[in-house]
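Below you'll find the structure, written out as structure tokens, and then a few comments.
Just so it is clear, none of the values below were taken in a lab; they were calculated from the coordinates. All figures in this text were calculated on a predicted structure; none of them were measured in a lab. We place every Cβ from the backbone using ideal geometry, glycine too, and count neighbours over all the protein chains shown.
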Amino acid sequence: MNETAQRIERMTAAGAGKRAERSRRARPTMAKWAARAAAAALALAAMPAALQAADPPPVAYPQGWRDWTHVKSMVIQPGHALFDAFGGIHHLYANKQALAGYRAGGKFADGSVIVFDLLEAKSADNTVQEGARKVLGVMVKDSRRYAATGGWGYEGFKGDSKTERAVGANAATACHACHQARKDNDYVFSAWRP
Ligand code: HEC
């Protein structure tokens, strides 16, 4: 059982029941404590579901990212497996710490932030041009806060919004599950081209 599951068991009726059982076998004063735990379980049941899960701390909007270093760009066209989620043209940007990480061959220190700026791609006059912004993907390295997802926090800010979140508590499944494939490169797919 992991730490979260243990914490939940401690806080839930199931856990309280087990403790009550143990306390009956131990000494009667333990029953008082078990009753308190049961009351805590009731309080927990009244909490909104969003607060019960150990949600990852929110990733802040990366202010000033447009002035950071451009890493690379890519156009994902119809027919690509990732078209539904990431179709369009994207540019990657790195802050100072992330740039050092790219240059070190994929070892990112805490404080590294990488931005995935995804725009519509429009074909016109034999060119591919940038359209409206679809989403601003963000990866923030903080090995303590985001230990559950390889030390990276993930978020997507919808369109040009700095507050509307596309990922929220779903980073593990919506983002990290795929980035996991690059574990040996600190979960980062892209590489620095000189
Ligand atoms: C199905 C696989 C997949 C999923 C799911 C995915 N990514 Fe990525 N991501 C990639 C690939 C592949 C690249 C490299 C793109 C390139 O080289 O231009 C990438 C690149 C990135 C980068 C630039 C750093 C890097 O790894 O190269 C960021 C930031 C990013 N993704 C954020 C996110 C966020 C936020 C989510 C969740 C909403 C997400 N990704 C979900 C495959 C994925």
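Overview of results
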item	result
If the convex hull is drawn through the Cα atoms of the stretch 60-153, its volume per residue in Å³	123
Potential extension, residue 193-residue 75 segment - 0.36 nm per residue separation minus Cα distance	40.8 nm
Candidates per GluC sites (Glu not before Pro) in the stretch 125-186, loop by DSSP, up to 12 other Cβ within 10 Å	164
Rounded if a/c under 1.5, otherwise prolate or oblate - the stretch 131-194, Cα gyration tensor axes	oblate
Above-threshold pairs, the threshold being 23 Å between Cα atoms, out of 96/122; 162/183; 134/183; 122/183; 72/96; 72/183	96/122; 162/183; 134/183; 122/183
Loop trypsin sites (Lys or Arg not before Pro), the stretch 121-177 (other Cβ atoms within 10 Å of the site Cβ: 14 or fewer; DSSP)	144, 162
Cα centre as origin, Lys/Arg/Asp/Glu Cβ charges: the stretch 65-185 dipole, Debye	420
